Every structure is written in C-alpha cells, then in structure tokens.
1. Under a 5 Å amide H to amide H cut-off, with H placed in plane at 1.01 Å, what residues pair with THR292 once short-range neighbours are removed?
2. Could you go through the stretch 308-317 in sequence order and give the Karplus-derived ³J(HN,Hα) for each residue, using 6.51 cos²θ - 1.76 cosθ + 1.60 with θ = phi - 60°, rounded to whole Hz, and x for Gly and Pro?
3. Under the Karplus relation 6.51 cos²θ - 1.76 cosθ + 1.60, θ = phi - 60°, what is the ordered set of whole-Hz ³J(HN,Hα) values for the stretch 267-275, x standing for Gly and Pro?
4. Among PRO401, ILE384, THR428, pick out the residue whose Cα is farthest towards the positive end of the charge dipole of the stretch 360-428, where Lys and Arg carry +1 and Asp and Glu carry -1 on C-beta, about the Cα centre.
5. Set the Förster radius R0 to 56 Å, insert the Cβ-Cβ distance between ASP509 and LEU320 as r into 1/(1 + (r/R0)^6), and round the FRET efficiency to 0.05.
6. Using Cα atoms only, what is the angle between the long axis of helix 586-596 and the major principal axis of the chain, expressed in degrees (0 to 90) to the nearest 10?
7. Tell me the mean residue ellipticity at 222 nm calculated for the chain from its helices only (DSSP H runs of n ≥ 4, each -39500 (n - 2.57), averaged over every residue, nearest 500).
8. How large is the charge dipole for the chain, taken about the Cα centre, if only the Cβ atoms of Lys, Arg (+1) and Asp, Glu (-1) carry charge, to the nearest 20 debye?
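The values are calculated or read from the model by the stated rules, or taken from the named source; none is laboratory data. Because the structure is a prediction, the values reported are computed rather than measured. Positions of Cβ are backbone-derived with ideal geometry, glycine not excepted, and every protein chain shown enters the neighbour counts. When the accessible area is computed, the model is the full protein with side chains, heavy atoms only, and any ligands, DNA or RNA have been set aside. Shrake-Rupley method; radii C 1.70, N 1.55, O 1.52, S 1.80 Å.
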Amino acid sequence: MSEENLVVFTPSGLRGEFADGMTVLDAARQLGVDLDSVCGGRGICGRCQVQPMFGEFAKHAISSEQSALSPSGGKESSYKGRRPLGETNRLGCSAIIYGDVVIDVPEESQVHRQVIRKDIDLGEITLDPVFKLCLIELEAVETSNLEEKILEALATQWGLENLTLDVETALISHDHLDDLKTLTVGIRDMEKVVSICPGLQERVLGVGVDVGSTTIAGHLCDLTSGAVLATAGVMNPQIRFGEDLMSRVSYAMMNPGGEVEMTEAVREALDSLIQELCEESGAKKEEVLEITIVGNPVMHHLFLGLDPIPLGQAPFVLGLKDAADFSASELDLSCHPASRVHVLPCIAGHVGADTAAVVLATHLQDYEQDEVIAVVDVGTNAEIVLSGKNRILAASSPTGPAFEGAQISAGQRATPGAIERVRIDPETGEPRIKVLGIDKWSNEEGFTEDVSATGVTGICGSGIIEVVAEMYLAGLISQDGIIGGPGSLSSPRLQPNERTVQYLLYESDENDSSIFITQNDIRAIQLAKAALYAGIRLLMDHLEIKKVDHIHLAGAFGSHIDTVHATVLGLIPDCNQDHVKAVGNAAGTGAVIALLSGQARKEIQVIVDEIEKVETAIEPDFQKHFVEAMAIPHLSAEYPELSKVVTLPEREIKSSESQSPRRRRNRSTRERN
C-alpha cells in the first residue's frame with residue numbers, strides 16, 4: 001500500500017494526504033485549491049506553475065524535503081508555453097508527490113486573484129519637495145570640465161552655491177556633447193546634484209510604498225507637482241513563508257538563511273511593482289529618484305535585510321529604529337543610479353514605520369486639545385494609536401489572521417465570490433448576503449444569474465464581522481458567543497454540528513458547497529476582537545479616560561468594515577457613530593506625504609520620539625481587559641452611543657471581577673441597511 005503524504009498548499013492553507021504518484025495539480029483539484037490550468041494537465045499552457053517550499057514549517061507541523069517531489073523533467077523539459085517557467089517553479093501537472101511537502105500557489109497561477117483594495121486619498125497636503133529641477137545652459141562643454149561647468153552655471157544662473165556633484169552617477173546617457181549644452185539638473189535637499197538630463201525635463205518621480213504583511217501598495221508621484229500618477233498593489237510573496245508575522249520570524253529561526261529568502265522575495269516584488277507603476281503611467285524607471293518605505297517592524301527589517309528574530313521575543317529589540325536613507329541599489333531596486341530610499345522611523349518593537357505613517361496621515365495635531373482620537377489599523381497584528389491630553393500613545397495587539405479569513409471554516413481572502421456583506425432578519429433568522437464583485441443582494445432578482453460565474457466561494461473579513469454581529473442582533477448567538485443556546489431564536493438554519501450548533505449562512509445545491517458559521521468560527525472572531533479591544537482599553541487606562549471622541553479605522557481591511565457592526569461585535573469601544581470613519585490606506589498616504597515633503601520627514605521623527613510606547617504583552621491589566629472583551633459586545637462596558645442607532649439584545653452587564661448582573665435593553669432609532 002502506498003504511503004500517505006501530507007501536502008499543504010499556501011496561501012489557502014488547504015491540506016490533505018495523498019498517495020505516492022499523484023501530481024500536484026490533481027491534489028490541488030481534490031482539495032479545491034485555486035490553481036489554474038487551461039490545457040488540462042498536458043504541460044502546454046504553463047498556468048499551473050507552483051513553487052515548492054523546502055525546510056521546517058512549524059506552523060504546519062511539516063518538514064518539506066526536495067525529495068518529496070519528482071525531479072524536474074518530462075513535460076517541464078519540453079515546455080515552451082507563453083508564460084516562462086520560473087527558475088524555482090514547477091508545473092503542477094508534472095511534479096509528482098512522494099513525500100510531505102509545502103506548495104505555494106503564486107498569485108499569477110490563481111484563477112481568482114485577490115482584489116487589491118489599497119487606494120489613496122491625500123486630501124490637502126503642503127508640498128515641501130526634496131527635489132528641485134533647474135534648467136541650465138552651458139558653453140564650450142568638454143567632458144573633462146563638465147562637473148565644474150554645471151556647478152558654475154547653477155551658481156550664476158540660479159544663485160545656488162556649495163553644491164556637490166558626481167557626474168558619473170547623475171548623468172543620463174547622451175549621444176554627443178551637443179546634447180549637454182542645455183541641461184536639466186535635479187538637486188536633492190538643496191545639497192547635491194543627483195540627476196543630469198539633456199534638454200528640458202519637467203518632472204522627477206518618486207514612489208511611496210506601504211510594505212504590508214499581505215499586500216504591498218505603491219503610489220507613483222510627480223515630486224514637483226505632488227500629482228499621484230499611478231497606484232498599484234501586489235501580494236507580498238513572503239506569504240508563502242507564513243501568513244502572519246510570527247510565522248515568518250519562526251521560519252527565519254528554524255531555517256538558516258530563511259531571512260535572506262524573504263528579503264530577496266519582497267525586494268523582487270517591489271522592484272516589479274515599481275516597473276508596473278511606471279508602465280501604467282508611461283514613465284521610465286530611470287525617472288524614479290526617490291522612494292519612501294513604511295511597514296510594520298518585521299516587514300521593515302526583512303526588507304532592509306535586518307535580522308527579524310529579536311522581534312519575535314521580549315524585549316522586542318529593533319535593529320533600526322530611526323528614519324534612515326539608503327541607495328536604491330543597496331536594496332536591489334533598479335531605478336536611477338542616484339535613486340534614494342527613505343525609510344520612516346519605527347515606534348517600538350511591535351509598532352512600526354507604518355504606524356508612524358498613519359500618524360502623519362491622520363493629522364492628529366489638528367484636533368482640539370480636549371478631544372481623544374483612536375486610530376486603529378486592523379490586520380493580523382493590529383496597531384493602535386491614542387491621542388489626547390497633549391499625549392500620543394501607541395501599542396500593538398496580536399489579533400491573528402481571523403479577520404483575513406484564516407482560522408474560519410469557510411474563510412477566504414477578498415476575492416470575487418466571497419461573501420462581504422450580511423443581513424439577518426431578527427424575526428425569522430433568514431439571511432441575505434452580498435458577494436464581492438456582484439452588485440445585487442441575494443434576495444434581489446438576477447442575483448443567481450450574476451453570481452453563477454464565480455459562485456459563492458466563502459466569506460471574507462468584512463463579511464465575518466457582519467455575520468457574527470448580525471447573529472447576535474437576531475438572537476442566534478448569546479452574549480457569550482454560544483450558537484443556538486437557551487433562549488436563542490428558533491430557526492431551521494441552526495443545525496447540529498457534532499456537539500455544537502452551526503448556522504447555515506448560504507445553502508448551495510452543489511455537494512459540500514454550502515457556507516456554515518460554526519462555533520469554532522465564533523470563538524476565533526471573539527479571540528481576535530478581544531485582543532484588539534483590550535489593546536485600545538489599555539491605552540485608555542494609561543491616558544486615564546473612559547471614552548473616545550473619534551475612531552479612525554485604517555488599512556485596506558479597516559476601510560471596508562461597517563462601523564456599526566464593528567461596534568456591535570465589540571471590536572472597538574462605544575463612540576458617536578458619526579465620528580467613526582474609515583481613513584483608507586493611511587499608511588500608504590503617510591508614505592506619500594513623506595515622499596512629497598521633506599518637512600514631514602523631520603516632523604514625524606520628532607513625533608515618534610515623543611510617542612509613549614505600551615507593550616501589551618507585559619501589561620498586567622491586558623488579560624483582564626481581554627477576558628471582558630470576549631463577550632459580545634463586551635462584558636461590562638455600556639453602549640449609549642451605539643444604542644442610538646441599533647437595537648441591542650437584552651444583556652447582562654457585569655465585570656470579570658463582579659458577577660452581579662444588571663440587565664439592559666437598548667432601543668434603536670435607525671434601521672440597519
């Protein structure tokens with residue numbers, strides 16, 4: 001009998017056991033992995049390319065060896081398809097399984113590629129360009145005295161003196177010396193000439209980048225006008241090494257040289273992203289002379305080639321905290337030879353340059369002195385900033401990947417076919433859903449026809465938050481998160497699931513395609529939301545306040561959360577719902593602000609130095625706040641503001657230290673829609 005081999009596919013996390021001799025493509029099909037193939041496994045189309053991952057993967061409890069797959073050959077040797085076969089890639093239809101193995105399915109091999117929802121809204125910003133372009137005219141040019149002539153022209157024609165110049169790196173190629181009689185020179189920080197271009201050049205470009213653990217977002221800008229010329233995003237290829245930050249730190253710890261692999265992967269992805277941005281706007285990479293980078297501490301360190309392992313354990317020591325400048329070539333980015341990369345400062349071991357960028361983008365200093373503002377970037381590791389009383393505090397909280405669909409039975413990323421909106425009738429328990437990529441709700445005419453192209457494939461983060469909140473509002477789950485407990489609404493959609501009860505959210509005619517919300521799903525969301533709320537509550541304690549006046553939800557995921565449902569769930573504290581808003585990809589916005597303003601770079605360094613850092617992992621009250629926040633919406637907190645817009649079920653209000661309940665039922669003034 002053939003030995004059964006464990007095969008784990010990333011980034012989906014789907015796994016199964018297969019006998020020797022099965023191809024990777026067939027294994028993927030049996031598990032429902034999103035792996036493309038047009039030619040039917042004949043080795044012609046090249047769309048089933050996968051990347052085997054070798055090493056120790058603690059998260060998956062698997063040791064993946066090269067001998068787990070058949071050697072390259074056969075179909076791969078004769079493959080001549082349009083899509084080149086990557087150096088480390090294999091054709092899924094050719095690679096045969098002979099052992100335990102981890103297989104990464106790259107984004108380009110997926111049928112349903114993730115919808116990258118990172119855009120930017122700069123609002124009003126004050127330009128303080130780090131670049132100045134100057135047109136100069138030269139006479140009697142000789143290559144031997146070009147540097148001297150340029151500096152003389154800048155002094156006489158522009159009144160700019162005491163500048164430095166390295167002609168070799170600054171000069172863009174030219175055909176003959178006549179091209180150098182009229183030049184446009186680019187001056188950085190009013191100190192150094194870094195670009196020389198024959199003729200008139202009216203722009204110089206830069207890229208602001210948010211290196212997220214899941215996606216990398218880039219914004220190509222004209223540094224002279226502040227115009228955003230192009231915006232694009234790609235999946236962070238490090239996902240194949242681990243979906244969350246600590247998995248990647250663990251990979252570096254357990255696999256010698258693993259951090260180098262992750263550094264190379266993210267740099268290559270960013271270099272390709274810059275190329276994509278330039279192609280989209282009709283620009284050349286040689287025009288890019290400035291890049292700003294933000295990211296959480298682990299992404300920051302891996303991109304810069306710094307050791308991430310100290311960030312995986314207390315006291316979470318940063319290898320580089322302050323802002324820093326690098327040449328693009330040092331970081332393997334192929335732009336102009338003089339291109340500079342500016343990395344914003346990190347705040348603490350778990351609060352990175354992305355949070356510094358959020359502070360920059362949200363203009364916390366513009367609020368009234370007596371107002372308290374909470375800024376929350378919801379992700380696998382949530383960053384929290386609390387501003388008020390002339391103080392700014394920051395912390396991070398380990399929410400995990402549940403809000404991104406991981407750890408949820410039908411969870412998935414935000415791809416077409418994912419449930420993103422949910423409403424449940426409180427009288428009948430019947431749901432209606434909205435699917436990503438489809439405008440209609442499921443109870444509207446034409447929904448079935450519209451959704452047939454993708455099907456209903458799972459539920460993404462925004463949908464998960466809404467379904468749990470809606471189940472609570474409809475009485476399908478208790479304050480403690482129990483599905484179908486005593487006193488719950490009676491509904492045929494509540495169905496037994498071993499020793500627990502599950503809720504049928506979407507019923508499909510196809511076998512095993514119905515979408516259920518299980519008790520384990522509810523628990524995963526409770527754990528994630530409790531960690532976030534406890535982090536916010538801890539900062540409120542340090543600031544000695546009981547309520548916040550404004551809440552800003554940042555990040556691609558935070559921007560698509562319904563704020564009422566987030567509050568019902570207990571993800572965030574009670575607040576005037578008119579003052580709870582999404583601020584988009586604030587980290588990307590902050591990166592662009594720093595790209596376009598030298599003054600902003602100085603200001604954020606000063607602000608970061610003054611931010612008070614709170615380490616949730618070592619705070620004694622974190623556990624108490626966490627336990628109370630496990631309840632929906634909360635064990636002891638009252639919700640007067642939320643009660644103005646939604647009817648909350650009768651609940652017991654108590655603390656984790658006192659079990660004497662007070663019953664409270666709130667009335668709605670606004671219908672949910």
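1. VAL207, GLY208, VAL209, HIS342
2. Ordered by residue, 3J(HN,Hα) equals x, 4, x, 7, x, 8, 4, x, 6, 7 Hz.
3. Once θ is set to phi - 60°, the couplings for the stretch 267-275 become 5, 5, 5, 5, 4, 5, 5, 4, 4 Hz.
4. Sorting the options by dipole projection puts first PRO401.
5. Working: r = 56 Å, r/R0 = 0.99.
Here the calculated transfer efficiency is 0.50.
6. 10 degrees
7. Values: 16 runs with 167 residues, N = 673.
Calculated mean residue ellipticity at 222 nm is -7500 deg cm²/dmol.
8. On the way: 56 positive and 100 negative charges, 433 e Å.
I would put it at about 2080 debye.
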